[in-house]
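Input: a single structure, listed below in structure tokens.
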Amino acid sequence: MAGDPLIELRAVNKYFGDLHVLQDIDLTVDRGEVVVVIGPSGSGKSTLCRAINRLETIQSGTILVDGQPLPEEGKALARLRADVGMVFQSFNLFAHKTVLQNVSLGQVKVRGRKKEEADRRSHELLDRVGVANQADKYPAQLSGGQQQRVAIARALAMEPKVMLFDEPTSALDPEMINEVLEVMRQLAADGMTMIVVTHEMGFARSAANRVVFMADGRIVEDRTPDEFFTRPESDRAKDFLSKIL
Ligand code: ADP
Ligand code: MG
């Protein structure tokens, strides 16, 4: 895993107007690594994730996924977004499609699978995330935790190289948080490369190889969870931890 970079950001800068939201970001995530990104609201965590699958463009710097620069448009961009699975805070399922259709659609459109093959894989994945018996329901008929697990299954169905999670449990009722974190823990244990923005410090401690702490568009610390939580170096991190722990 060390020295086998899957995601590389070099001197990445991003502005929204005058607001410098990503400032000289250097970040490498090796294959099989789980990196948890934490930091105060507005520090640029979502923008960082979105830049990696080109939901946001950057003004300068380089982003490589598996050694390749991000494609700008067309089929290559659709393939990038399949390679870089993303799970958002709001579950973002297609409301007018069943759970099964949600998971199968991209496989057919982007990966070119036959519908039967896609449906077979979808059923396997729905089983893996614990919602096998919900396949024919619509998203609104599911709990938030179930919807988020379907969203994870949908991303996994594309056989991504890396999974990005942007506060996947922040919109969930407390009793549903663990069922989603458990699926993520299992994915991490299975060797998936993951970037996870979360306030769940238990997950960071138990599942992350590294914690990246962001503030004001910069990476302020990038260390092991044990080092970060027991000996944060920066005042920003100490202050942040004192508020959330
Ligand atoms: P985080 O996820 O850490 O809370 P974000 O990446 O969402 O932070 O936002 C970083 C900064 O960029 C914030 O100040 C936010 O208000 C601003 N921002 C995010 N998206 C946009 C946008 N589409 N247009 C203008 N400003 C934005
Ligand atoms: Mg955010």
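Quick rundown of the values:
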{"quantity": "Within the stretch 176-228, tally of residues that are more than 16 Å from ligand 2 (Cβ to nearest atom), farther than 12 Å from VAL34 by Cα, touching a Pro at 6+ places or on another chain (Cβ under 8 Å) and assigned to a strand (DSSP E or B)", "calculated": "1"}
{"quantity": "Top-ranked residue of the stretch 201-219 - restricted to ones that are of a type in the set (D, E, K, R) and within 15 Å of ligand 1 (Cβ to nearest atom), ranked as farthest from the chain's Cα centre (by Cα)", "calculated": "ASP216"}
{"quantity": "Segments classed as helices (runs of 4 or more DSSP H), wholly inside the stretch 30-149, with at least 2 members that are within 16 Å of ligand 1 (Cβ to nearest atom), of a type outside the set (Lys, Arg) and crowded, with 18+ Cβ neighbours inside 10 Å", "calculated": "45-52"}
{"quantity": "Residue list for the stretch 160-175, restricted to those being more than 16 Å from ligand 2 (Cβ to nearest atom) and either within 13 Å of the chain's Cα centre (by Cα) or open to solvent by less than 40 Å² (accessible area, probe 1.4 Å) (or both)", "calculated": "PRO160, LYS161, VAL162, MET163"}
{"quantity": "Scope the stretch 176-200; condition within 16 Å of ligand 1 (Cβ to nearest atom) and open to solvent by 20 Å² or more (accessible area, probe 1.4 Å); matching residues", "calculated": "HIS199, GLU200"}
{"quantity": "Residue pairs meeting the criteria (Cβ under 6 Å; at least 6 apart or on separate chains; first in contact (Cβ under 8 Å) with a residue 12 or more places away in the chain and among the hydrophobic types (A, V, I, L, M, F, W, C), in the stretch 177-206; second surrounded by fewer than 20 Cβ atoms within 10 Å (Cβ to Cβ) and assigned to a helix (DSSP H, G or I))", "calculated": "ALA204/PRO225"}
{"quantity": "Test: residue in the stretch 224-238 that is closer than 19 Å to THR169 by Cα, of a type outside the set (Ser, Thr, Tyr), open to solvent by less than 10 Å² (accessible area, probe 1.4 Å) and within 16 Å of ligand 1 (Cβ to nearest atom)", "calculated": "no"}
{"quantity": "Some residue of the stretch 150-159 being within 16 Å of GLU182 (Cα to Cα) and open to solvent by 20 Å² or more (accessible area, probe 1.4 Å)", "calculated": "no"}
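The values are calculated or read from the model by the stated rules, or taken from the named source; none is laboratory data. If you're wondering where the values come from, they're calculated on a predicted model, not measured in any experiment. We place every Cβ from the backbone using ideal geometry, glycine too, and count neighbours over all the protein chains shown. Surface areas here come from the heavy atoms of the whole protein model, side chains and all, with no ligands, DNA or RNA. Shrake-Rupley method; radii C 1.70, N 1.55, O 1.52, S 1.80 Å.
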